[in-house]
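> Got a structure for you, questions after.
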Amino acid sequence: EDDAATLDVFCSDLAKSFHAVPFRSDKAFMEALERSTTFDAVVLDWVLPNTEGSTVIDRIRTHTRAPIVVTTGHREASPAISDVLGLPDLYYVAKPVEGDILRAMLAAAIEKASAR
């Protein structure tokens with residue numbers, strides 16, 4: 001999430017059930033992945049200031065198979081989003097995101113991934 005206030009709300013909501021680690025830039029997140037940091041799941045804003053969600057997803061997948069929940073405020077169908085939704089362990093939540101829904105989706109995604 002590139003909006004600091006929204007990121008703070010996400011982290012506060014997620015902290016009710018998870019240990020959330022916020023990254024203030026895609027660069028900081030990718031550096032953590034390259035240091036072999038493990039994640040149970042990733043919440044990713046589709047629209048970022050320096051890159052597009054599909055590019056970040058491709059980079060994430062070179063390091064981890066953790067479930068990815070994509071969030072976006074876009075209400076129109078996007079071929080780019082439709083394409084990545086066909087990937088395994090990828091989920092979608094429209095903004096504004098309800099904390100209960102995001103937590104439930106993450107819990108289900110993590111449980112499904114750990115059952116493999």
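The values are calculated or read from the model by the stated rules, or taken from the named source; none is laboratory data. Since the model is a prediction, treat every value here as computed from it, not as a measurement. Neighbour counts are summed over all protein chains in view; Cβ atoms, including those assigned to glycine, are modelled from backbone coordinates with ideal geometry. All accessible areas refer to the heavy atoms of the entire protein, side chains included, with ligands and DNA or RNA removed. Shrake-Rupley method; radii C 1.70, N 1.55, O 1.52, S 1.80 Å.
> If Arg103 satisfies every condition in (1) among the basic types (Lys, Arg); (2) touching a Phe, Trp or Tyr at 6+ places or on another chain (Cβ under 9 Å); (3) in a loop (DSSP other than H, G, I, E, B) but one, which is the exception?
Arg103 satisfies every listed condition except (3).
> Same structure, new question: For region 60-90, which positions are among the charged types (D, E, K, R) and not in a loop (DSSP other than H, G, I, E, B)?
First, the residues of region 60-90 that are among the charged types (D, E, K, R): 61, 65, 75-76, 83, 89.
Those that are among the charged types (D, E, K, R) and not in a loop (DSSP other than H, G, I, E, B): Arg61, Asp83.
> Moving on to the next point. Looking only at region 49-88, which residues are within 16 Å of Ala109 (Cβ to Cβ) and within 11 Å of the chain's Cα centre (by Cα)?
Within region 49-88, Ile57, Ile60, Ala66, Pro67, Ile68, Val69, Val70, Thr71 meet the criteria.
> Being in a loop (DSSP other than H, G, I, E, B), touching a strand residue (DSSP E or B) at 6+ places or on another chain (Cβ under 7 Å) and either more than 18 Å from Val9 (Cα to Cα) or among the aliphatic types (A, V, I, L, M) (or both) is the filter here, so list the residues in region 19-59 that pass it. Walk me through it before giving the result.
Within region 19-59, the first condition is being in a loop (DSSP other than H, G, I, E, B), and the residues that meet it are 19-25, 35-41, 46, 48-51.
When the remaining residues are screened for being touching a strand residue (DSSP E or B) at 6+ places or on another chain (Cβ under 7 Å), the result is 41, 46.
Result: Ala41, single match.
> So, one more: Considering only region 9-40, how many residues are open to solvent by less than 70 Å² (accessible area, probe 1.4 Å) and under 22 Å from Ser114 (Cα atoms)?
The qualifying residues number 8.
> Search region 1-28 for residues that are small (Gly, Ala, Ser) and pair each with any residue that is open to solvent by 60 Å² or more (accessible area, probe 1.4 Å) and part of a loop (DSSP other than H, G, I, E, B) when their beta-carbon atoms are under 9 Å apart and the residues are at least 6 apart or on different chains.
Sorted first by the residue in region 1-28, then by its partner, the pairs are Ala4/Arg24; Ser25/Asp2; Ser25/Pro49; Ser25/Asn50.
> Starting from region 54-75, take each residue that is closer than 18 Å to Leu7 by Cβ and list its partners that are among the small types (Gly, Ala, Ser), counting only C-beta distances under 7 angstrom and pairs at least six apart or across chains.
Val69/Ala41; Val69/Ala109; Val70/Gly53; Thr72/Ala94
> Counting only residues that are open to solvent by less than 30 Å² (accessible area, probe 1.4 Å) and more than 11 Å from the chain's Cα centre (by Cα), which one in region 98-111 is nearest to Thr6 (Cα to Cα)? Before you say what the answer is, go through the steps one by one.
Here is the first cut: in region 98-111, the residues open to solvent by less than 30 Å² (accessible area, probe 1.4 Å) are 99, 102, 106, 109.
Filter once more, keeping what is more than 11 Å from the chain's Cα centre (by Cα): 99, 109.
Working: Gly99: 11, Ala109: 22 Å.
If we take residues in region 98-111 being open to solvent by less than 30 Å² (accessible area, probe 1.4 Å) and more than 11 Å from the chain's Cα centre (by Cα), then Gly99 is nearest to Thr6 (Cα to Cα).
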